[in-house]
Amino acid sequence: MCGVVGIVYGTHNPALGKEATALLRRLEYRGYDSTGAAFFDGDGGVDLKKKVGSPTKVAEELRLEEDTGQRFVGQVRWATYGAVTDENAQPHEMSCRHHLVGAHNGNLSNTDQLKEFLHAQGHQVLSDNDGEMLVHTIEHCYDEVVAAQPVTNEEEHRRATLAGIRAACQRMEGSFAACVSFPERPGIYALKAGSSLYAGLGKDTHGEFIVVSSDLTSVLSKTRFLIPLEEGEGLYFTESDYFVFSLNEELQHRPGLRRSRFNVADIGLAPEYRYFMEQEIHSSDENLNRLLQYYFPTAEEESLFAAFEARESQCKELIDGFLRLYEVFEASQLQQQLDQLVDSPFIQQRKAEATATLAPNAGFVSEEDSFLSELAGLRAEHAPALHLIDQLLVWKKKRRVTAHREQLTQRMQRCQEAGGRIYAVGSGTSYHAILVGSGLFNQIAGLSVIPANPGMFRSCFLRSLGRHDLVLGVSQSGETKDLLDIFQEIRDQHGADIPLISLVNNELSTIPREKSDFYLPVLCGPEIAVAATKSFTNQVALFHLLACAAVMPLDQARQRLEQAKQVIAETLEAVASDVQEIADQLYLKASMHILGTSHLGLAKEGALKVREVVLNHCEGYDAAEFKHGPNTILGKNTIYSLKELEEAAGARGPFDLEQYFTNYPLVFLCGPVERDLKITISQIHTHKIRGADIFLIAQDHEGLRRAVEGVPANVKNYTGSFLRVPSTQDPDLFVYQATTVLQLLALKMSIAKMKLLNRRQIEQHGVHPDVPKNVSKSITVD
């Protein structure tokens, strides 16, 4: 995954370098292998700067902030095709037949074939990078078009460019987004062919502009007015003029602008935090508020919502009228249409009821809170009416969510009664949430949920699905290709006989909109850090509330989730110093295991977080399973490279390997269940005498304390550490406590290791809480 960005102003912008640097830095989580920027002066001149390194590093080294220009195309690279070199950095500039500059995000799977073709056609290919093949291919196809019919004006040039782009897209295989521009011609052409791309129009002190980016936050940092862009479409734009065109056929149109539901503050870093991962962990308790809000009824809403139900069609018309305000961008026109909307007799009759229970200076509570606040700023006297609209929006979504919650739990129960099987499928962190969720369904609801990742499901279950079975898909983005493929294969093989239901965070994505019978929202909000934290917590919480709702009254289920929220907050406050102490002992350990007693999903997720952001080897196992082979790593082992140690010894004489052996760290997770306590105590004793250092995360227990603190007689330099989480004696709530501690542990280890490597001036080490190397994700929630 890489990131591409472009912006066009109407005239020369002396601060374009600063704008470009800020946009590139917002893409840093998508790529850090190399960074590049092309500045166009508007008269045919291009200043291309690119180098190996992250946007933060390269911007300083190449002094990008000092550049000026009329438009800019930039890219951050996460290397796939071609080594990490300056030559393979993007953008690419070429003049084999026409002067063209461009960059892309994604992969061209036929890069080798394209390179051979381009060489054969006489193009000068300077790198192994698929981005260069893309720009060359567009240049070549454009040349074929103008060779057949020369262009004499700007309109003919644009038509020829569109034809060349479409022809190039037929030659290229893969998924990508791209920006290309002819320096001697105005504007930029942006392409969306399988990778994320967002566009927006705005105005600042330097005039009007249009900006495109792989990342939504880049666009929102400049404007909230978005240009709709669908898959398989391209966008031609200058500073204010634009049109959207098909990449496959001769179609084009000029869609109206849309106001984003988010602004950059919604997805920015709060002043009290230094890292997005840190912020997202510490917001986990508050994120459960959305689940509480939309999945459970409240007495306070009952009367007002009953009035909405009695006038359902009228209320929906009001909501539609409010949503149409998103398409109004001129302030006076927006005020006028808002006045007309709130003048509705229904709003005038009910607005007092909507505000009667509000606390003084209460804010808006629906997912449209940002826009409602903006409208209240335009017309303060309409605040009561806007609060009523706020409640209408909650009512509309809540009635759908609660209906689907009830529908899912009923289907799951009927499935089991009919002898069917319930499968839950997800990748990475979502798969680990499924492992935890299947345990909650088993313990709370007595329902069997079979967890699987897509590969496991395809190889073990796909062909044996029966007519009474049900499949749940779990995804943060709703675009996970592995899960999309599974859903499509089920449809292809079984038609509509197998219910497909999804749990997703991005409600506008492909899986809920196109592949599912219905979906339930995870409601954790945008997640910026590459390593998933708050989305995992909300996925687990959603499984928890569904399991509770299946077998107990809703007020009891709600109480369970409220307890979970409180436990997360208490844990965050209670363990900070203890987590830091353990992180300081573990962050330089080359390898470790996390062992969950009856908590395999938590152990795997904790290990994944360490691997992702610390870049240390870490495995997650069931605690009792560790003794069946993996325990051979305890005691003397060679997890470091003997070759390097031997070479380092050099001529100093015989090499003393003994001095390099250390105890191996095991992190145990144990909830307050008597059988689990006994197993954990036994496993601690078994492993520490064989050379393990023990780190335990559990509620306070005398037997556990003795097991951890007891020093084995035959082991040198034994370390035993017991991190006590607040006592609840509730095994379900322990899930949230362990999740919180493991996420904090990975965060603290990552920061400690990153700072050390930075002090040692180790280049491209890739350790970072938000943007670790070799992994990436895109924000797809708007």
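The values are calculated or read from the model by the stated rules, or taken from the named source; none is laboratory data. Bear in mind the structure is a predicted one, so any value in this text is a computation, not a measurement. Here the Cβ positions follow ideal geometry from the backbone for every residue, glycine too, while neighbour counts run over all protein chains shown. SASA here: full protein model, heavy atoms, side chains in, ligands and nucleic acids out. Shrake-Rupley method; radii C 1.70, N 1.55, O 1.52, S 1.80 Å.
Here are some notes:
- Wholly enclosed strands (runs of 3 or more DSSP E) of the stretch 4-98 bearing at least 2 residues of a type in the set (A, V, I, L, M) and in contact with a Gly (Cβ under 8 Å, 6 or more places away or on another chain): 34-40, 69-77
- Filtered by the rule that a residue be crowded, with 24+ Cβ neighbours inside 10 Å and touching a strand residue (DSSP E or B) at 6+ places or on another chain (Cβ under 8 Å), the stretch 609-620 gives Val610, Cys618, Gly620.
- Of note, Leu201 does not satisfy the criterion of being touching a helix residue (DSSP H, G or I) at 6+ places or on another chain (Cβ under 7 Å) and within 30 Å of Leu508 (Cβ to Cβ).
- Note on the stretch 432-513: enclosed strands (runs of 3 or more DSSP E) holding 1 or more residues that are under 19 Å from the mean Cα position of the chain (by Cα) are 470-475, 500-504.
- Pairs with Cβ under 7 Å, 6+ apart, first in the stretch 220-248 and in contact (Cβ under 8 Å) with a residue 24 or more places away in the chain, second in a loop (DSSP other than H, G, I, E, B) and basic (Lys, Arg): Tyr242/Arg254
- Residues satisfying the stated conditions in the stretch 72-119, i.e. under 24 Å from the mean Cα position of the chain (by Cα), farther than 24 Å from Pro183 by Cβ and of a type in the set (A, V, I, L, M): Ala79
- Filtered by the rule that a residue be open to solvent by 10 Å² or more (accessible area, probe 1.4 Å), over 14 Å from Gly446 (Cα atoms) and not in a loop (DSSP other than H, G, I, E, B), the stretch 538-559 gives Leu554, Asp555, Gln556, Arg558, Gln559.
- For Val58, the conditions (1) at pLDDT below 95; (2) within 13 Å of Gln90 (Cα to Cα); (3) open to solvent by 10 Å² or more (accessible area, probe 1.4 Å); (4) of a type in the set (A, V, I, L, M) all hold with the exception of (3).
- Any chance Glu272 is without any contact (Cβ under 8 Å) to a residue 60 or more places away in the chain and not hydroxyl-bearing (Ser, Thr, Tyr): yes
- Residue list for the stretch 578-608, filter: over 22 Å from Pro731 (Cα atoms), in contact with a strand residue (DSSP E or B) (Cβ under 6 Å, 6 or more places away or on another chain) and surrounded by fewer than 20 Cβ atoms within 10 Å (Cβ to Cβ): Lys589, Ser591
- Out of Ala569, Ala549, sole residue that is out of contact with any Lys or Arg (no Cβ under 8 Å at 6 or more places or on another chain) and small (Gly, Ala, Ser): Ala569
- Subset of the stretch 142-173 [open to solvent by less than 10 Å² (accessible area, probe 1.4 Å) and in contact with a Cys (Cβ under 9 Å, 6 or more places away or on another chain)]: Gly164, Ile165, Ala168
- Condition check for Glu309: acidic (Asp, Glu), modelled with pLDDT under 90 and either open to solvent by 60 Å² or more (accessible area, probe 1.4 Å) or under 19 Å from the mean Cα position of the chain (by Cα) (or both): no
- Among the residues of the stretch 368-376, at least one is closer than 21 Å to Tyr295 by Cβ and in a loop (DSSP other than H, G, I, E, B).
- Residues of the stretch 99-151 that are touching a Pro at 6+ places or on another chain (Cβ under 7 Å) and either assigned to a helix (DSSP H, G or I) or of a type in the set (A, V, I, L, M) (or both): Val101, Ala103.
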